[in-house]
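The next block holds one structure in the form of structure tokens; read it before the comments.
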Amino acid sequence: MVVLLLQVVLVMLFIVQAIAFVTLYERHLLGGSQQRIGPNKVSFMGLVQAIFDGVKLLKKEQMTPLNSAETSFILVPGVFFIVMYLEWFVLPYFYDFMTFEYSLLFFLCLIGFSVYTTLISGAVSKSKYGMVGAIRASSQSISYEIAFSLYLLVIIVHYSMFCFCEFFNLGLLVVYLPFLFMVLAELNRAPFDFAEGESELVSGYNVEYSSVAFVLLFLGEYGALLFFSTLTSVLFFDFSFLFIYVMFSGLVFIRSAYPRFRYDLMMSFFWFKLLPVSLILLGYFVVLLL
């Protein structure tokens, strides 16, 4: 029992450490892609920049809005961060001490529940900008999560299992590309970053958060980014560490290269294009199984 607890704590520490350095890596990639200098002042090539940024955020004062639900306002970022951590426990590792039966269904529950943390965080702040950002985020989530769930059902039907208990090698480009679009929407990354549309909504649902609460939201967002890069490698490329790096770098370059979609085009894209494709794929694999 002590060994199991120690393994879980180590995984949690490694995730936080990885988040700190992938944020620094993203800033360097964005700087290079836009022909500008990234973080390079703090220590050698800015290696300590992520730690100093975290210390700076933690030192800020947490201001609670006047009419907000104070307890819920502080609690929701912590729940969002815990949900991100729970997602990591569904992946098959070199040892199966964390993988359990029906982990894939548990993962579907987690991504469905994460929508409520985004929606509630905007609602309890009693801010117009936060509320609009939360509504946009929830509408976006409804539009893609149905197709995303059907894609995971394709994997369930194809492998006849309800858990991520082994590494897969689907390797089908026709399945991978739509999955990539839905991962971008799940992560609220460009060109589908409507939940935080910074140019219109001043950071969206988290506009009222600062200090520890903002750090938890920030860590949860980038932890999910790293998790979905790992999940994609597990599902399509037999848990290749090289592909985790390629996937994460690709998500960063997509952010630097593509402008934001129009909101109505994004909704129609998921409802009228990806949803029918996911239904066709599900029917195809069901027929193959029969």
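The values are calculated or read from the model by the stated rules, or taken from the named source; none is laboratory data. Note that the coordinates shown come from a computational prediction; the quantities given were computed from them, not determined experimentally. Here the Cβ positions follow ideal geometry from the backbone for every residue, glycine too, while neighbour counts run over all protein chains shown. Note: areas computed on protein heavy atoms with side chains; ligands, DNA, RNA excluded. Shrake-Rupley method; radii C 1.70, N 1.55, O 1.52, S 1.80 Å.
Here's the list of lysines a cross-link from LYS41 could span, going by alpha-carbon distance under 18 Å and ignoring same-chain residues fewer than 8 apart: LYS56.
Segment 222-255 and segment 261-281 have Cα centres spaced 23 Å apart.
Working note: Debye formula, equal point scatterers on the alpha-carbon atoms of segment 185-288, no solvent; log10 I(q)/I(0) at q = 0.11, 0.25 Å⁻¹ is -0.47, -1.27. Taking 25 Å as R0, compute the FRET efficiency from the Cβ-Cβ separation of ASP238 and ILE156 and round it to 0.05. The computed FRET efficiency comes out at 0.85. All other residues with a Cβ under 15 Å from the Cβ of LEU105 taken together, and with Lys, Arg as +1 and Asp, Glu as -1, what is their net charge? With Lys, Arg at +1 and Asp, Glu at -1, the net is -3. Evaluated at q = 0.06, 0.07, 0.08 Å⁻¹, the base-10 log of the normalised Debye intensity for the chain, with identical point scatterers placed on the Cα atoms, takes the values -0.20, -0.27, -0.36.
Given the DSSP H assignment, sum -39500 (n - 2.57) over each helix run of at least 4 residues in the chain and divide by its residue total; what's the result at 222 nm in deg cm²/dmol, nearest 500? Kindly include the intermediate steps, with their values, before the conclusion.
Values: 11 runs with 199 residues, N = 290.
Mean residue ellipticity, 222 nm, calculated: -23500 deg cm²/dmol.
Accessible area ranking (1.4 Å probe, heavy atoms, ligands and nucleic acids excluded), largest first, for SER210, SER103: SER210, SER103. Taking the chain as a whole, the Cys residues whose C-beta sits 4.7 Å or farther from every other Cys C-beta are CYS109.
Computed with a 1.4 Å probe on the full set of protein chains, the accessible area for TYR25 sits at about 70 Å². Taking other residues whose beta carbon is less than 11 angstrom from the beta carbon of VAL252, and scoring Lys, Arg as +1 and Asp, Glu as -1, yields +2. Using a Gaussian network model of the chain in which every pair of alpha carbons under 10 angstrom is joined by a spring, one finds that among LEU104, LEU150, LEU13 the greatest mean-square fluctuation is at LEU13.
With every protein chain present, what is the per residue accessible area of segment 1-143 (1.4 Å probe, Å²)? Display every interim value, and only then the final one.
On the way: 8400 Å² over 143 residues.
That works out to 59 Å² per residue.
Where a ≥ b ≥ c are the square roots of the eigenvalues of the C-alpha gyration tensor, would you call segment 66-162 rounded, which needs a/c under 1.5, or, failing that, prolate if a/b is larger than b/c, or oblate? In terms of gyration-tensor shape, oblate.
Within the accessible area of the chain, the carbon and sulfur atoms contribute 71%, probe 1.4 Å, all protein chains present.
Computed with a 1.4 Å probe on the full set of protein chains, the accessible area for CYS109 sits at about 90 Å². Among the protein heavy atoms, those of TRP271 account for about 90 Å² of accessible surface (1.4 Å probe, every chain in place).
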